[in-house]
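To keep things clear, I will list the structure first and then write my remarks on it.
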Amino acid sequence: NVLLEQHTAAWCGYCPDGAVRMDEILALYGDQVIGVKIHTGDAMEIPESAIIGSVLGRSGVPTGTVDRARFGGAVFLGRANWQTACAQRLPRRARAEVDCFYTLDRGTRVAQIQVVANIVESMDLPLRFNAFILEDDVTGTGSGYDQKNYYSGVKNHPAGGLPAVIVGYHHMKVVRRMLGGAWGAAGALPAVVKAGELYTHEFETTLNPAWNLDKVHFVGLLQADAPD
């Protein structure tokens, strides 16, 4: 699976086009591409947004990363390049098979997320586990949620029939938490992992009372905390 992280914002008038581009990619590749949206400078921003943006070179939004890999020396890519980058990454053989399992107590709102990594290829890398909590259909009032739309009135664009400021906009795939932080949690992973080995890590968290439990999703990751 390829991870497409779109960096976006409610105040960004070009960002509705970023949403359109991601939807097109997900429709094309289905479950092969995992799409998430990391907000900056609005009511949905998380602390990791600034950390990732600063370290990996974010200069504006909408922008995105694909597996946080470098393409021509850049990690952040303009939306016109996301599909090409996904297509380049998809044929690569996975170095680990990752599964994500969870239990959710609706009464206490406590979620336990277990991320499992089956190592396919031996690696000498500082590997880390992570789990993202996503929420769909996030809405709110005010500038922190109202979506600016520079495509209002633009013919043949999906957002062309919508106003310049979309009040009550439904923000999808919003990353609410990165339980391992920006770069992941070490867990029980050794310095060197060998093909055929299996590792697991469990995250536990209490979900915010404002989040809609019927719209929450979890994404499990295995990532390398390395400059390259």
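What is the one condition in (1) in a helix (DSSP H, G or I); (2) touching a strand residue (DSSP E or B) at 6+ places or on another chain (Cβ under 6 Å); (3) among the hydrophobic types (A, V, I, L, M, F, W, C) that Val116 does not satisfy?
Of everything listed in (1) in a helix (DSSP H, G or I); (2) touching a strand residue (DSSP E or B) at 6+ places or on another chain (Cβ under 6 Å); (3) among the hydrophobic types (A, V, I, L, M, F, W, C), Val116 misses just condition (1).
Do you know which residues across region 42-52 are under 13 Å from the mean Cα position of the chain (by Cα) and in a helix (DSSP H, G or I)?
Correct list: Glu48, Ser49, Ile52.
For region 1-41, which residues satisfy the criterion of being in a loop (DSSP other than H, G, I, E, B), surrounded by 21 or more Cβ atoms within 10 Å (Cβ to Cβ) and touching a residue at least 40 places away in the same chain (Cβ under 8 Å)?
Ala9, Ala10, Cys12
So, in region 42-53, exactly how many residues are farther than 26 Å from Val167 by Cβ and open to solvent by 10 Å² or more (accessible area, probe 1.4 Å)?
Within region 42-53, residues that are farther than 26 Å from Val167 by Cβ and open to solvent by 10 Å² or more (accessible area, probe 1.4 Å) number 4.
Would you list the strands (runs of 3 or more DSSP E) that sit entirely within region 142-228 and hold 1 or more residues that are open to solvent by 20 Å² or more (accessible area, probe 1.4 Å) and in contact with a helix residue (DSSP H, G or I) (Cβ under 6 Å, 6 or more places away or on another chain)?
Hits in region 142-228: none.
When both residues are 6+ apart or on different chains and their Cβ atoms are under 7 Å apart, which pairs have a first residue that lies in region 98-121 and is on the phi > 0 side of the Ramachandran plot, and a second that is crowded, with 17+ Cβ neighbours inside 10 Å?
Close Cβ pairs satisfying both conditions: Arg109/Leu207.
When you go through (1) more than 28 Å from Leu222 (Cβ to Cβ); (2) more than 19 Å from the chain's Cα centre (by Cα); (3) in contact (Cβ under 8 Å) with a residue 40 or more places away in the chain one by one for Gly153, which number turns out not to apply?
The number of the failed condition is (3).
All but one of (1) within 19 Å of the chain's Cα centre (by Cα); (2) modelled with pLDDT under 95 hold for Asn212, so report the exception by its number.
Single failed check for Asn212: (2).
The values are calculated or read from the model by the stated rules, or taken from the named source; none is laboratory data. All values derive from a computational prediction rather than experimental measurement. All Cβ positions, glycine included, derive from the backbone under ideal geometry; neighbour counts span all protein chains shown. Ligands, DNA and RNA are stripped out before the accessible areas are found, and what is left, the full protein with its side chains, is counted by its heavy atoms. Shrake-Rupley method; radii C 1.70, N 1.55, O 1.52, S 1.80 Å.
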